[in-house]
Amino acid sequence: MTFHYQDSYLHAEQVSLQHIASAHGTPSFVYSRYLIEAAFDQLDRAFANRPHQICYAVKANSNLAILGILARCGAGFDIVSGGELARVVAAGCDPRRIIFSGVGKQVWEIDQALTAGIGCFNVESRSELDKLAERAAAHGTIAPVSIRVNPDVDPGTHPYISTGLKENKFGVNAVEALALYRLAADHPSLEVIGLDCHIGSQISDIQPFEDALLRLLPLVDQLTREHISLEHLDLGGGLGVTYQNEAALDPVAYAQMVDKHLGDRELTIMLEPGRSLVANAGILLTRVITIKENENRHFAVADAAMNDLIRPALYQSWQDVKPISEVATVKPQHFDIVGPICETGDFLAKSRELSLTEGDLIAIFSSGAYGFVMSSNYNSRPRAAEILVDGDQAVVIRERESLSDLWRGETTLPPEGD
Ligand code: LLP
């Protein structure tokens, strides 16, 4: 049950997107519960013959309802901020299933995570390890620790989203990691439980994951020899999806590769997927406000803009655009789909052959990951609504922001004294 046409209209599961637009307005993000659960199940089943835990990377889509769906599937959560921790807790999920990644954890965030009793801190530097040990001691508790190793592999993805090269800011090299493990193992307020890496995002090929794993295993074995035993090996996220014609990373091939190299090492495999669980479970529903032509270029100005979906502008990413009504009323032309924001970088898609007139509804596909979460109020545009479809039901899971939401927390100047 994907996004599909039925009676000439695009549907999410059994609900017409035309109906959603009339009931809830545009722009709106629309997610399919079925597709999220299906993506989770596919990955979960692929790793079924090893102990494993999928920790959904909250950054991809942090709506409380989405977190709730994944928690019910059995997911844990990979967080990178105190805000994400608060969201996971607010969604009613178990903090013991949280792992805390990120290169710049602040003391208040470490304290918050220690108090919540999260499952693991993925530590990225000596400085962080010291801070964590000090805070755990102050709390009279023992912090569970994994060291993020930077395996120095090129994931062959967009430079902004590749993280596993030695010149990136992430993790530590294997030599430094060993030193940190020795320190952690000797510290009374730290307990070594894992080893992790994350090499980048939107990776379609197994090879970089294999390269990374092969660089981590000697360290795992060295730690075993030193009686620093690990419970889990966390391979991060990064599983690529199909936006245009890229092959999606095959979870079964991935799991087989991991299985082959792990052999009889008794480690729980942890994964931190974000995009692959939610990207293709969501669309951005938007209405064409204006059609115009400049110098033979056709523009469809939509009511969604780069503040709603920044991926095309920021990464030159390609996301599919489809009309909500299949019935073409005018002859197709090549359109740039742009927003109303005062920047030339404000585009959602370029040169797409579509039959469009003013007032038409269109869907920007693959918007479930890194869509709403990266949205902003630029140009004082209220952020879009988020809607979850489950079978024949559509529920608002985040209200559209109102105009007064735009200045919540701001103050006007006091009246001028005379
Ligand atoms: N774990 C860590 C430590 C990460 O930094 C990330 C993503 C993930 C897991 C999840 O990766 P995924 O499975 O979603 O690829 N805004 C960009 C993507 C940035 C990814 C940042 N880190 C985009 O829209 O393409």
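The values are calculated or read from the model by the stated rules, or taken from the named source; none is laboratory data. Because the structure is a prediction, the values reported are computed rather than measured. Backbone-built Cβ (ideal geometry, glycine too); neighbour counts: all protein chains shown.
Odds and ends about this structure:
- Inside segment 259-286, residues that are among the charged types (D, E, K, R), within 14 Å of the ligand (Cβ to nearest atom) and either at pLDDT below 95 or within 21 Å of Leu217 (Cβ to Cβ) (or both) make up a count of 1.
- Unmet requirement for Ile269, which otherwise passes all of (1) of a type in the set (Val, Ile, Thr); (2) outside the structural domain of Asn377 (by TED's automatic domain parsing); (3) not in a strand (DSSP E or B): (3)
- Applying the set (1) buried (at least 17 other Cβ atoms within 10 Å of the Cβ); (2) modelled with pLDDT under 95; (3) farther than 19 Å from Lys105 by Cα; (4) of a type outside the set (Phe, Trp, Tyr) to Gly171 leaves exactly one unmet item: (3).
- Spans of strands (runs of 3 or more DSSP E) in segment 136-237 with at least 1 residues more than 27 Å from the chain's Cα centre (by Cα) and either of a type in the set (Gly, Ala, Ser) or not assigned by TED's automatic domain parsing to the domain that holds Gln316 (or both): 190-196
- Filter result (away from the ligand (no atom under 13 Å from the Cβ) and surrounded by fewer than 20 Cβ atoms within 10 Å (Cβ to Cβ)) within segment 194-207: Asp205, Ile206, Gln207
- Scope segment 148-168; condition β-branched (Val, Ile, Thr) and either surrounded by fewer than 15 Cβ atoms within 10 Å (Cβ to Cβ) or more than 13 Å from the ligand (Cβ to nearest atom) (or both); matching residues: Val153
- Top-ranked residue of segment 321-343 - restricted to ones that are modelled with pLDDT of 95 or more and of a type in the set (A, V, I, L, M), ranked as surrounded by the fewest Cβ atoms within 10 Å (Cβ to Cβ): Ile341
- From the list Ala305, Ala349, the lone residue that is within 18 Å of Ala21 (Cα to Cα) and either free of Cβ contacts under 8 Å to residues at least 60 places away in the same chain or outside the structural domain of Gly240 (by TED's automatic domain parsing) (or both) is Ala305.
- Of the strands (runs of 3 or more DSSP E) that lie entirely inside segment 332-418, those containing 3 or more residues that are farther than 21 Å from Ile310 by Cβ and touching a Lys or Arg at 6+ places or on another chain (Cβ under 7 Å) span 385-390.
- For segment 294-312, the count of residues that are more than 16 Å from the ligand (Cβ to nearest atom), part of a strand (DSSP E or B) and under 30 Å from Gly236 (Cα atoms) is zero.
- Residue list for segment 96-134, restricted to those being assigned to a helix (DSSP H, G or I) and under 17 Å from Arg148 (Cα atoms): Ile110, Arg126, Ser127, Glu128, Leu129, Asp130, Lys131, Leu132, Ala133
- From the list Glu246, Glu210, the lone residue that is charged (D, E, K, R), surrounded by fewer than 19 Cβ atoms within 10 Å (Cβ to Cβ) and within 25 Å of Ile79 (Cα to Cα) is Glu210.
- Among (1) within 15 Å of the ligand (Cβ to nearest atom); (2) under 21 Å from Leu230 (Cβ atoms); (3) in contact with a Ser or Thr (Cβ under 8 Å, 6 or more places away or on another chain) - the single one Ala143 does not satisfy: (1)
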